[in-house]
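Working notes for the structure below.
The values are calculated or read from the model by the stated rules, or taken from the named source; none is laboratory data. Remember, it's a predicted structure, so these values are computed and weren't measured experimentally. Every residue, glycine as well, gets a Cβ built from its backbone with ideal geometry; the counts of neighbours run over all protein chains shown. Keep in mind that these areas ignore ligands, DNA and RNA; they rest on the heavy atoms of the full protein, side chains included. Shrake-Rupley method; radii C 1.70, N 1.55, O 1.52, S 1.80 Å.
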Amino acid sequence: FKGGEATEGRGQRVTYEDIGGLAREVQRVREIIELPLKYPQLFQRLGVEAPKGILMHGAPGTGKTLIARAVASETEAHFIHVNGPEIMHKYYGESEARLRQVFDEARRKAPSIIFLDEIDALAPRRADVHGDVEKRVVAQLLALMDGLESRGNVIVIAATNIPDLVDPALRRPGRFDREIAINVPDQRGRREILQIHTRGMSLAEDVSLDRLAAITHGFVGADLAALCREAGMYALRRALKSFQLGNERTEDLQLQVTMRDFLDALTEVEPSATREFAMEI
Ligand code: ATP
């Protein structure tokens, strides 16, 4: 399965420690997924069907992909990332075959997690679409979900920003019947996320993550990650400037990210919610 629309494998390790501010959400995902992936025989012995699919919904950049990757890493499951819009548009007309391949591979390499990102592009409400292709893709996905043996060793995690756009048939029992809201982080959540993204950074003493968390209302995880990266760039530019002016040796360079760098970065990094809003006007 080559091409940019799906990445797979067991690489790129993400752990639960890399996810900030979503303790309850992560706990629920783990309860639903880890048990059947690790101990499918328990479900068989009990004669109980293991869950096949869960639907995560929430604003862009809140950590949905991160959670799916972390669960896959921690359970050592094979991970297949399928991007809804790409599979629909890049291989128009071949989307059903591609989906079959994905499910096939997941079965062969089980235990597996299939991550269907932006599932609303893949399975929009059939009542809202006119094209036959779209309708066929939804039907194919339903058939593949129903065809999964409920042994628990293949689990499909779907993600969407707008759950109401997804065909309701997918949200019925035996399909994506568990739903988990991934919320925009509150101040405590932002503090945790900032902590994670500054973990490897050399921070000056004046940096207050508490204060940064307090003044970044509306920032999601992806925004906070961008803020930290940008603050790092400010620190680097500042250091290089003093390097050119004076005659310091590189080892004397003050290479630390200061609170000022973060505040400067804040003038450039905006919460994605505002960016989307700005684009609409
Ligand atoms: P989309 O809906 O746009 O696909 P998403 O919810 O899947 O977004 P991710 O791809 O998981 O978002 O997040 C993008 C990046 O933002 C992550 O790789 C990570 O660096 C950072 N990030 C997002 N949420 C969190 C979080 N809760 N904790 C730590 N980092 C986060």
Please check: in the Gaussian network model of the chain (C-alpha springs, under 10 Å), which one of Ala23, Ala121, Ala59 has the largest mean-square fluctuation.
Ala23
Within the chain, longest stretch clear of exposed chymotrypsin sites (Phe, Trp or Tyr not before Pro) (DSSP loop, no more than 13 other Cβ within 10 Å)
93-281
If I require 30 Å or longer along the helix axis, counting alpha carbons, and a Kyte-Doolittle average no lower than -1.0, what helices from the chain are left? Use full DSSP H segments.
221-245
Output the relative contact order of segment 56-155, whole-number percent, from Cα pairs under 8 angstrom with separation of 6+ residues.
30 percent
Counting sequence-distant residues (5 or more places) and residues on other chains, those with an amide H built under 5 Å from that of Val156 are Gly53, Ile54, Ile114
With every protein chain kept in the model, how would you rank Arg191, Arg24, Arg199 by accessible area, 1.4 Å probe, largest at the top?
Arg24, Arg199, Arg191
Mind listing the phi-derived Karplus ³J(HN,Hα) values for segment 203-217, rounded to whole Hz, using 6.51, -1.76 and 1.60 with θ = phi - 60°, and x for any glycine or proline?
9, 6, 5, 7, 6, 10, 5, 4, 5, 4, 4, 6, 9, 10, 3
I'd like to check one number: the per residue accessible area of segment 125-227, probe 1.4 Å, reported in Å² as a whole number.
48 Å²
With -39,500 (n - 2.57) per DSSP H segment of 4 or more residues and division by the full residue count of the chain, the 222 nm estimate, nearest 500 deg cm²/dmol, is -14500 deg cm²/dmol
Relative contact order of the chain, pairs being alpha-carbon contacts under 8 Å that are 6 or more residues apart, as %
23 percent
What dipole magnitude, in Debye to the nearest 20, does the chain give about its Cα centre under +1 on Lys/Arg Cβ and -1 on Asp/Glu Cβ?
760 debye
Size of segment 19-146 as Cα extents on the principal axes (Å, biggest first):
42, 35, 25
Let me spell out the model: positive unit charges on the Cβ of Lys and Arg, negative unit charges on the Cβ of Asp and Glu, origin at the Cα centre of segment 95-182. What dipole size does that give, in debye rounded to 20?
340 debye
For His78, which sequence-distant residues (separation of 5 or more, or a different chain) have an amide H within less than 5 Å of its own amide H, given hydrogens modelled in the peptide plane?
Ser112, Ile113
Ranking Pro40, Thr216, Ala235 by how far each Cα lies towards the positive end of the charge dipole of the chain (+1 on Lys and Arg Cβ, -1 on Asp and Glu Cβ), the top one is Pro40
Which one of Gly63, Gln140, Ala225 has its Cα pushed farthest toward the positive end of the charge dipole of the chain, where Lys and Arg give +1 and Asp and Glu give -1 at the Cβ?
Gln140
Dipole of segment 1-160, Cα-centred, from +1 at each Lys and Arg C-beta and -1 at each Asp and Glu C-beta, to the nearest 20 debye?
340 debye
Table column - 3J(HN,Hα) (Hz), segment 112-120, Karplus curve with 6.51, -1.76, 1.60, x for Gly and Pro
9, 10, 9, 10, 9, 7, 6, 5, 4
The chain: proportion of alpha-carbon pairs further apart than 30 angstrom, %
40 percent
What accessible area per residue comes out for segment 52-104, rounded to a whole number of Å², with a 1.4 Å probe?
33 Å²
Gyration tensor (alpha-carbon) shape descriptor, segment 108-186, a/c threshold 1.5
oblate
Using a 1.4 Å probe on the protein heavy atoms, what percent of the accessible area of the chain belongs to carbon and sulfur?
50 percent
